[in-house]
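The values are calculated or read from the model by the stated rules, or taken from the named source; none is laboratory data. Just so we're clear, the structure is a prediction, and the values are computed from it rather than from any experiment. Because the Cβ atoms are built from the backbone with ideal geometry, glycine has one as well, and the counts that use them run over all protein chains shown.
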Amino acid sequence: MIRRLCILMAVMAATAQLYAQKKVSPGIRAGMNVSTLSNIDADFKTDFYAGGALGVRLSPRYTLQPELTYSRQGARNVATVDEGGVPIGQRDVTIEYLSLGIINKFYFAGGFHGMAGPSFDVKIGRNFPRIDFDGDYNGADLGLTLGFGYTLPFGLTIEGRFKTGLLDVFNNDYFLGIFDDPDKISLNRVFQIGVGYSF
């Protein structure tokens, strides 16, 4: 009995020491989105993102960082048609997402780090004048993020990321050019430049 108690106490002490070595840092992040949609006639759109993050430093060179981010994406000057297929000109498209991401940060020289990870994005809003059907947009997206950053000693991070969606943004053919090739789908493409701060 005493032996089992000693073993249990040793395991608890080792576990406490392991968690003591981990640094958990909540933080905030915000910046600029430069986004477009693939395989359609559209221009890049400038907007913003903002959210929170929780960095868990598991080793000197690796941090696991879950993130919750509000992101405004889309494209400018999207060529559109009405329900009858008649061109109605160009419209700016804004799609708002709430994104849950799991970012893996790999430090390779001081505060310099690369990052990669998946995200699950839920559509929470959209702006599309004239054509306003719930079926116009997919309600969710899966994403993949790659990027680089630099973290200063006092917790400020400067970073650049590229994020691509993995699911078709649209569920119909209201956009010219999408269905010229049945194998083409329209994906979110987003470049992000921003800052973060860990407390």
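Summary table below
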{"item": "Condition met for residue 147 (modelled with pLDDT of 95 or more and of a type in the set (Gly, Ala, Ser))", "result": "yes"}
{"item": "Looking only at the range 30-57, and only at residues there that are of a type in the set (Asp, Glu) and assigned to a strand (DSSP E or B), the one that is farthest from residue 72 (Cα to Cα)", "result": "43"}
{"item": "Residue check for residue 111: in contact with a Ser or Thr (Cβ under 7 Å, 6 or more places away or on another chain) and at pLDDT 90 or above", "result": "yes"}
{"item": "Residue 40, sole failed condition from (1) surrounded by 15 or more Cβ atoms within 10 Å (Cβ to Cβ); (2) more than 17 Å from the chain's Cα centre (by Cα); (3) at pLDDT 95 or above", "result": "(3)"}
{"item": "Positions within the range 55-75 being touching a Pro at 6+ places or on another chain (Cβ under 9 Å) and surrounded by 15 or more Cβ atoms within 10 Å (Cβ to Cβ), in sequence order", "result": "55"}
{"item": "Candidate set: the range 163-185, residues that are outside any strand (DSSP E or B) and at pLDDT 85 or above; chosen: the one nearest to residue 115 (Cα to Cα)", "result": "166"}
